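Here, each number is a calculation from the coordinates, and none is a lab measurement. Predicted model, so just to flag it, every value in this text is computed and none were measured. Note that each Cβ is placed from the backbone with ideal geometry, even for glycine, and that neighbours are counted across all protein chains shown.
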Amino acid sequence: MNIIHKNIESIRSKIAAEAKQLGRHPDSIKIIAASKQQPISAIEQAYNAGIVDFGENYLQEALPKIRALNHLDITWHFIGKIQSNKTRLIAENFQWAHTIDRLQVGRRLNTQSPRGKILQVCVQVNIDKDPNKSGVTQEEAMNLLEQLRNLPNLQVRGLMTMLHKKENALEGYQRLKNLFEKSSINGPLNLDTLSMGMSDDYCDAIKAGSTFLRIGTSIFGRRL
C-alpha cells in the first residue's frame, strides 16, 4: 500500500469516527481530493484507493489532467476562483463548480454549458469577511442562490467557504451551517451540499455538517 493510499485510509477512519459520534452515516461525507500541483500519477494512486472526486483550482493546470485521465470515472470539481473568461472551459470540462460568487459568472456557465449537461454549483460565501478571499456576504448569499436557481443548466446544490487561518474553524463552519439551514432541504431552495473543510480542520467541518471535504495535503503530502 503506497503512502497516498495509507493517507486516504487514515482520513476515512477519522471521518467514520466523527460521523459515529454525531450520528451521521460516513457515506454522507465525501472527500474531494484537492489535486492542485499534483502529478497525474498521484491522482491515479488516489483514484485506485477509491477516491472519485477531484478538485482543481487552476483551469490551465487542470485541463491536461482531465484529458489524460478521461478513461477514469472521475468527477471533476472546480474549486478555485472563477474568472469570466474561463467559464466556457469550466462548463465543458467540470461536473461541479464550487466557487460562484456573482450572477455574471452563473449566467455565463449556464449559457456555455454543453447541450444536455447540468452543472452542479455552489455559492461561495466569505463567512469570516476575509478581505483576501472571494465570496458573497451572508446577507448576499440568499439573493444569489435565488437568482441562480432560475438558470436551467445549473443545479444549485449548496454553499461553500474557505476560512482564514486565524478563524476558529468550528465557529466559522457553524455560521455557514446556520445560513445553509435557512434554505436547506426543508426550505424553498432544496439545498443538500455544504462544501467546507480542508486538511487542517476537516474534523471541525464534519461537526458543523459538511458534506464535501476538500483535502489536499493530508492525502498527497505537502507540496514542494
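Only Cα pairs under 8 Å and at least 6 apart count here; give the relative contact order of the chain as a rounded whole percent.
20
Using a cut-off of 27 Å between alpha-carbon atoms, which lysines can reach Lys207, once sequence neighbours fewer than 8 places away in the same chain are excluded?
Lys6, Lys14, Lys20, Lys30, Lys36, Lys81, Lys129, Lys133, Lys165, Lys166, Lys177, Lys182
What is the sum of charges, Lys and Arg at +1 and Asp and Glu at -1, for the other residues whose Cβ falls under 13 Å from the Cβ of Leu22?
+3
Top mean-square fluctuation among Asn126, Asn48, Asn93, Gaussian network model of the chain, C-alpha springs under 10 Å?
Asn48
Would you calculate, for the chain, the mean residue ellipticity at 222 nm contributed by helices, counting each DSSP H stretch of 4 or more residues as -39,500 (n - 2.57) and dividing by all residues, to the nearest 500?
That comes out to -12000 deg cm²/dmol.
Would you please state the base-10 log of I(q)/I(0) at q = 0.14, 0.16, 0.17 1/Å for region 112-224, with intensities from the Debye formula using one equal scatterer on every alpha carbon?
For region 112-224 at q = 0.14, 0.16, 0.17 Å⁻¹, log10 I(q)/I(0) is -0.59, -0.75, -0.83.
Quick one: Debye curve from the C-alpha atoms of the chain, no solvent, what's log10 I(q)/I(0) at q = 0.09, 0.15, 0.16, 0.18 Å⁻¹?
Reported log10 I(q)/I(0), two decimals: -0.34, -0.99, -1.14, -1.42.
Where the centroid of each part is defined by its Cα atoms, how far is region 172-222 from region 70-106 in Å?
Each part reduced to its Cα centre gives a spacing of 19 Å.
Report relative contact order for region 78-134 in percent, whole number only (criteria: Cα-Cα under 8 Å, sequence separation at least 6).
The value is 36 percent.
On alpha-carbon atoms, Rg over Rh for region 24-88 using Kirkwood Rh?
Value, to two decimals: 1.00.
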